[in-house]
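To start, the structure under review is shown below, and the notes come after it.
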Number of protein chains: 2
Amino acid sequence: MPNISASPLTAAAFAEFGDVLDATGDFRLINEGLCHRHHNRAKIDIGSEATTGISIFNAQPRQLPYTFSLIERHPEGSQAFIPMTQHPFLVIVAADTTSTPRAFLTNGAQGINLHRGTWHGVLTPLSAPGLFAVVDRIGFTANLEEFHYPQAFCVIA
Amino acid sequence: MPNISASPLTAAAFAEFGDVLDATGDFRLINEGLCHRHHNRAKIDIGSEATTGISIFNAQPRQLPYTFSLIERHPEGSQAFIPMTQHPFLVIVAADTTSTPRAFLTNGAQGINLHRGTWHGVLTPLSAPGLFAVVDRIGFTANLEEFHYPQAFCVIA
């Protein structure tokens, strides 16, 4: 079974898949100087005939090494995952279904926004509680494609 | 100076001001049973000629007792605050500018979504880091009204 090493999540490495949501880079000073606003960090893209919603996900923690063979994508909308904890979590993405998937590990102060149509693994927290706010498309279509690799991959630290 | 006691944040007590975003109540089982999706918990309302965005706020922690005399509201849109930590934070809201404001304390696993036009205090984390994802209206207008009470209030535990 091929191994995939999880890399630290950076905006540059993640750019082809989505946005990193963190308190780095430019900001506006608000609330009499007591708050930094890192403005509009996610490319939200939900198409037409839909709205943007906030859902709360509570996912069972996994551990490394982590084996998977399923990826999925949402053809009709972007999907942001905002951890409601300071625990790093695992992010699996793929450029397409024929290349080797990529794995990233967040630093405990990062969310992500997967661009519309990005292939990704299911939500994989590494600690309890696996609590996330998810900002994605609310519509009446399935908005889901799944792909099973012919072989499993194993993510290692 | 009048004291205001901070109450535990509950959906019922907060209903007139906004939504509580947490992993309670109904859910859909996704990802082969390993994740609960508490679906579409926030009433996002950004009006027309605007988009919904995700910004990251990094606010200086405050402490109780906490004195304030300023509240604000966003007449053109709702505003959700999702803590990226498990620290409780303080939520100050008011039904109008003539009644006594209300204070709530989150339980460490709750975000909030202030309904459009709800008077509220500035973001007041009680621990470092004061890190939040904020889902609100991205537009080209100020979308801000401020009100200074003629006297200060003091929030106590």
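The values are calculated or read from the model by the stated rules, or taken from the named source; none is laboratory data. None of the values given here were measured: they were computed from a predicted structure. Here Cβ is always computed from backbone atoms with ideal geometry, including for glycine, and neighbour counts include all displayed protein chains. The accessibility values were calculated without ligands, DNA or RNA, using every heavy atom of the protein model including side chains. Shrake-Rupley method; radii C 1.70, N 1.55, O 1.52, S 1.80 Å.
Worth pointing out:
- Solvent-accessible area lost on pairing B with A (1.4 Å probe, both sides summed) amounts to about 3700 Å².
- Ligands, DNA and RNA excluded, the heavy atoms of A:Met1 present near 140 Å² of accessible surface to a 1.4 Å solvent probe.
- Other protein chain C-beta atoms within 10 Å of residue C-beta, averaged over B:29-37: 6.
- GNM flexibility winner over chain B from B:Gly33, B:Gly108, B:Gly117 (Cα, springs under 10 Å): B:Gly33
- The other copies place their B:Asn107 label points at 3.3 nm from this one, listed shortest first, where each point is 7 Å from Cα along Cα→Cβ.
- Coil-residue GluC sites (Glu not before Pro) of region A:28-131, DSSP, other Cβ within 10 Å capped at 14: A:Glu32, A:Glu49
- Candidates A:Ala12, A:Ala95, A:Ala109: whichever shows maximal mean-square fluctuation once chain A is modelled as a Gaussian network with Cα springs under 10 Å: A:Ala12
- Relative contact order for region A:9-157: 35 percent, from Cα pairs under 8 Å spaced at least 6 residues apart, divided by residue count.
- Accessible area per residue for region B:3-156, computed on protein heavy atoms with a 1.4 Å probe, is 42 Å².
- Peptide-level mean, for A:60-66, of C-beta atoms on other protein chains within 10 Å: 1
- Global geometry of chain B, whether rounded, prolate or oblate, following the gyration tensor of its Cα atoms and the 1.5 cut on a/c: oblate
- Portion, in percent, of the accessible area of region A:26-157 that falls on carbon or sulfur, probe 1.4 Å: 50 percent
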